[in-house]
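Taking it in order: structure first as structure tokens, then the write-up.
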Amino acid sequence: MRSHNHGHGHGEQGMLSVEEAYDRVMASFGPLEPVETPLLDALGLVLAVDVDSPLDLPPLANSGMDGYAVRSEDIRNVSPDSPSRLRVIGLVAAGQRPTQEVEPGTAIRIMTGAPVPGGADTVVPFEETDEVRRRQAGLPLDEIAILSGLPPGRNVRPAGEDVGRGQRVLEAGTVVRPAEIGVMASLGLERVEVIRRPVVSILATGDELVPAGRALEGGKIYDSNSFSVAASVVACGGVPRHLGIARDNMEDLESKLRAVAGSDLVITSAGVSRGDYDMVKDVLTSRGDMNFWSVRMRPAKPLAFGHLRAEGEKEVPLLGLPGNPVSAMVAFEMFARPAIRTMLGRRPAPRPAVEGVLTGPIYNEDGRRVYARVQVETRSGTYYATPTGPQGSNILTSMSRANGLAICPEDLPGKQAGDRVRIIMLDWNEEVFI
Ligand code: AMP
Ligand code: MG
């Protein structure tokens, strides 16, 4: 194995393990500062503060059913054969404030969610009264027969049943899901403090690259990395900022990199592998403290990481992804996604992984850890992983056909059909289980 040492931080064999590269990248990241946002914008973000309830929830005792609010002592030993007849003195709907009390021998018609009137301690649902029979007989509803004896408190939701005033409802560090949005809305909160989203600047490099929408002349290709990376940034909660395409010359790279000020991370693609024009490396090295690594993985062996000096600003971490489109996406998955999650205040947790059975081989020619693109399906409770065709790091459609990455460890020459493999699930969607 040839060593090609372009910076500090190399191991003896000139290659870093995936774990070493991960640790070195992750050492530069921590949670960003909090911001206040409108409630709905907090979805997917992490609470920066504990949320204590300013009120009782529900604020008042209210009915859990449509029915009659009664005094339980008035309906103590009743049954369909010996009902209790009560005088109906009024009606209270949701959103109203009761103006009358339930005196002995009386009832108030009540709707779900309406405050329970004073004096009443129980709500009898319509079905346990003779209301329907009365309506059919054309009798007035100024009187009602209660057909079953309910204990005190039945169908009454007490004040503070869900949350008491001053109670801690959500803790700082909680990831806000729709349920948390709902809980905070139920407390009347319009805004909330969360860890802000990181701004991630994205720069493609290469003389061969053309932006979508332009004609493709001889020798050129469309820039896909800017888009797959930007989409990946959005998918893990960051805000992408496109810096465009830098040509393989010092001036253009320098000028494009000037725009990184104010971002939390810069992601470049291409120009970091061996045998490339060394422009990207030279420019990055002159503008910061950069490391160029070979990581013992396939795809995505070349990787750059360091810090750029941004004029008059604090240093910005820079992750240089390989140029090949699959390598760029896999390196993003392994190193950029955990960094972005960490900045969001989330755990850098990897994707869920499963054990499955391979339906075709994975080859490992040179002792790297192979991440093979596979389509995972479940049949009779077993996960089956099928390689998605040719595994070249330029074949981006193999990524599109995949929902997982099956791992062949660095010390195995490969895996055969029928072998068990560990699979990182890129999409953990319902379709896997069909
Ligand atoms: P490099 O690292 O510059 O040697 O690039 C490796 C390979 O990735 C080459 O085939 C490039 O044409 C290709 N490549 C580099 N950048 C991009 C990009 N932004 N979109 C698509 N392919 C790219
Ligand atoms: Mg290039």
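General remarks:
- With N counted as the residues of region 144-224, its alpha-carbon radius of gyration over 2.2 N^0.38 Å works out to 2.45.
- Structure-based [θ]222 nm, the chain - -39500 (n - 2.57) summed over DSSP H runs of at least 4, per residue, nearest 500: -4500 deg cm²/dmol
- When the residues Glu73, Glu128 are ordered by accessible surface, computed with a 1.4 Å probe over the protein chains alone, the sequence from largest down reads Glu73, Glu128.
- Relative contact order (%) - the chain, alpha-carbon pairs under 8 angstrom, separation at least six: 16 percent
- Largest-first ordering by accessible area, 1.4 Å probe, given options Leu39, Leu189: Leu189, Leu39
- For region 356-430 and region 320-351, distance of Cα centres in Å: 19 Å
- The number of Lys pairs in the chain with C-alpha atoms less than 30 Å apart, excluding pairs fewer than 8 positions apart on the same chain, is 10.
- DSSP-defined antiparallel bridges as percent of all bridges, region 1-147, nearest 5: 70 percent
- The fraction of all Cα pairs in region 235-315 landing in successive 10 Å bins from 0 to the largest distance is 16, 49, 31, 4, given as whole percents.
- Secondary structure note: in the chain, about 70% of the DSSP beta bridges are antiparallel.
- At q = 0.09, 0.13 Å⁻¹, base-10 log of I(q)/I(0) for the chain (Debye sum, equal scatterers on each alpha carbon): -0.71, -1.10
- Candidates per GluC sites (Glu not before Pro) in region 272-334, loop by DSSP, up to 16 other Cβ within 10 Å: Glu311, Glu313, Glu315
- Selection of trypsin sites (Lys or Arg not before Pro), region 176-242, meeting DSSP coil and at most 15 other Cβ within 10 Å: Arg214, Lys220
- When Met184, Met250 are compared by accessible area of protein heavy atoms, the largest-first order is Met250, Met184, using a 1.4 Å probe.
The values are calculated or read from the model by the stated rules, or taken from the named source; none is laboratory data. Only a predicted model underlies this, so the values are computations on that prediction, with no experimental measurement involved. Heads up, the Cβs are rebuilt from the backbone with ideal geometry, glycines too, and the neighbour counts pull from every protein chain shown. Accessible surface is based on the protein model in full, side chains and every heavy atom, while ligands, DNA and RNA are left aside. Shrake-Rupley method; radii C 1.70, N 1.55, O 1.52, S 1.80 Å.
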